[in-house]
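One structure is given here, and the rest of the page talks about it.
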Amino acid sequence: MSWKFNDSEPIFRQIFNRIRGMILRGELKPGDAVPTVRAIAEEAAVNPNTVQRALAELDSSGIVINNGTSGRTVTTDIRAIERERSAAAEELAEHFSDAAESIGFTAEQLLRLIIDKKGEEKNEGC
């Protein structure tokens, strides 16, 4: 996997988000091994401590299990993954809402926009 980082957020957070996204999308499935700190650090060309911080946050979130010297695996607790998916969606909604509000949209206007957009997508699929 190719790693590109931006300056708008800490690198450990970008690594966290990338691996969390892989789990939430099902690219890393329950019980799958999570790449090691060393493997990610080498591939992403970052300090292993940065990767360790990202993986420790994934451990804390409950979607990754630290098995000590055996490495980390994605939790088999589907409810934990669903809780994290909901938390991620809430974060996205908050960022979207804040950004839209900053350009003058109300909550009602945003809701209408989303509903209309989803309706257009359904009609295009016919």
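Average accessible surface for the chain: 67 Å² per residue, computed with a 1.4 Å probe over protein heavy atoms with every protein chain in place.
With K and R counted +1 and D and E -1, the other residues having a Cβ less than 15 Å from that of E124 yield a net charge of 0. All other residues whose Cβ lies under 13 angstrom from that of A107 are scored, Lys and Arg at +1 and Asp and Glu at -1, for a net of -3. Seen through its C-alpha gyration tensor, with square-root eigenvalues sorted a ≥ b ≥ c, the chain comes out prolate because a/c lies at 1.5 or above while a/b is bigger than b/c. Overall, the accessible surface of the chain at a probe of 1.4 angstrom is composed of carbon and sulfur to the extent of 53 percent. For K4, the aspartates and glutamates whose Cα falls under 17 Å of its own Cα, not counting residues fewer than eight places away in the same chain, are E42, E43.
The values are calculated or read from the model by the stated rules, or taken from the named source; none is laboratory data. Given the structure is predicted, the values throughout are model-derived calculations rather than measurements. Cβ coordinates were reconstructed from backbone atoms using ideal geometry, including for glycine residues, and neighbour counts include every protein chain displayed. Note: accessible area is taken over every heavy atom of the protein model, side chains too, but ligands, DNA and RNA are not part of it. Shrake-Rupley method; radii C 1.70, N 1.55, O 1.52, S 1.80 Å.
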